[in-house]
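Below: one structure, written as structure tokens.
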Amino acid sequence: GAVVSQHPSRVICKSGTSVKIECRSLDFQATTMFWYRQFPKQSLMLMATSNEGSKATYEQGVEKDKFLINHASLTLSTLTVTSAHPEDSSFYICSASGPRLDTQYFGPGTRLTVL
Amino acid sequence: GESVGLHLPTLSVQEGDNSIINCAYSNSASDYFIWYKQESGKGPQFIIDIRSNMDKRQGQRVTVLLNKTVKHLSLQIAATQPGDSAVYFCAENKGNTDKLIFGTGTRLQVFP
């Protein structure tokens, strides 16, 4: 149980374009979803927390207009990287938690490369 | 032995030996701690957790020890196998929030 999927697993885009990443909880209702960014050989950095049906809460230093988060249902959250630039290239990972879960369960991650 | 690389400390062990991975956490108010395993190109995988009212918890081949006095957490892996090779992260959570704060991570390399 507690399976989280992400799509796509890899994406390459041109500078200036927008990219949408989906995060789904497959076998539970995720009342809260989290988005992290991870640069090579570094730890996971929390970008934002989203609760179903409400606006996301962003961590200090994360631009909410650049990283748009939508948590429209109890099984789906999306992260849209708008006007992507090469410095946005990273590994983006989502996690989800639910009312019957003690901890967060992580998706497999999405590798974003901006050319 | 243990060494510090550019970003990640590395622990190298021989197959069959026991591994001990250490973590210092930052917030004395944290009351829930988790160890995650992350293989290359994948998301973190839950290994074991412990709450602050305990100082030891055992799973299958893994044991987590919590020392609240010095804010130290350790993960012990018994009879380390090649499949244990990965980066291991500790994470802490303060009771009044859902957020996890991740440590810097330790790379475990298992040699035959």
Pairs from A:14/A:66; B:68/B:94; A:20/B:42; A:64/B:99; A:41/B:94 whose Cα-Cα separation, in the structure shown, is over 22 Å: A:41/B:94
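Report the antiparallel proportion of the DSSP beta bridges in the protein assembly as shown as a percent, rounded to a multiple of 5.
That works out to approximately 90 percent antiparallel.
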Residues losing 50 Å² or more accessible surface upon assembly, the range B:22-65, compared with the chain by itself, 1.4 Å: B:44
Accessible surface of the range B:1-103 [probe 1.4 Å, protein heavy atoms]: carbon and sulfur percent: 45
Selected from A:60, A:42, A:29 as most flexible by GNM, with chain A as the system and alpha-carbon contacts under 10 Å: A:42
Ranked by how many other beta carbons lie within 10 Å on average, peptides A:64-72, B:102-110, B:53-61 from highest: B:102-110, A:64-72, B:53-61
Within the range A:33-49, backbone nitrogen closer than 13 Å to the virtual label 7 Å beyond the Cα of residue A:68 toward Cβ: none
Heavy-atom accessible surface of chain A: percent carbon and sulfur, 1.4 Å: 51
Amide N proximity, the range A:41-74 versus residue A:85 label position 7 Å along Cα-to-Cβ, cut-off under 17 Å: A:61-68
Alpha-carbon centroids, the range B:90-108 and the range A:37-98: separation in whole Å: 17
Residues residue B:72 and residue B:39, FRET efficiency given R0 of 22 Å [Cβ-Cβ distance, rounded to 0.05]: 0.30
Probe 1.4 Å, protein heavy atoms only - accessible area per residue of the range A:1-79 in square angstrom: 55
Most fluctuating residue given options B:12, B:74, B:30, as computed from a GNM of chain B linking Cα atoms under 10 Å: B:12
Contact order normalised by residue count of chain A, Cα under 8 Å, 6+ apart, percent: 37
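The values are calculated or read from the model by the stated rules, or taken from the named source; none is laboratory data. Bear in mind the structure is a predicted one, so any value in this text is a computation, not a measurement. Every residue, glycine among them, receives a Cβ derived from its backbone with ideal geometry; neighbour counts consider all protein chains shown. Accessible surface areas use protein heavy atoms only, side chains included; no ligands, DNA or RNA. Shrake-Rupley method; radii C 1.70, N 1.55, O 1.52, S 1.80 Å.
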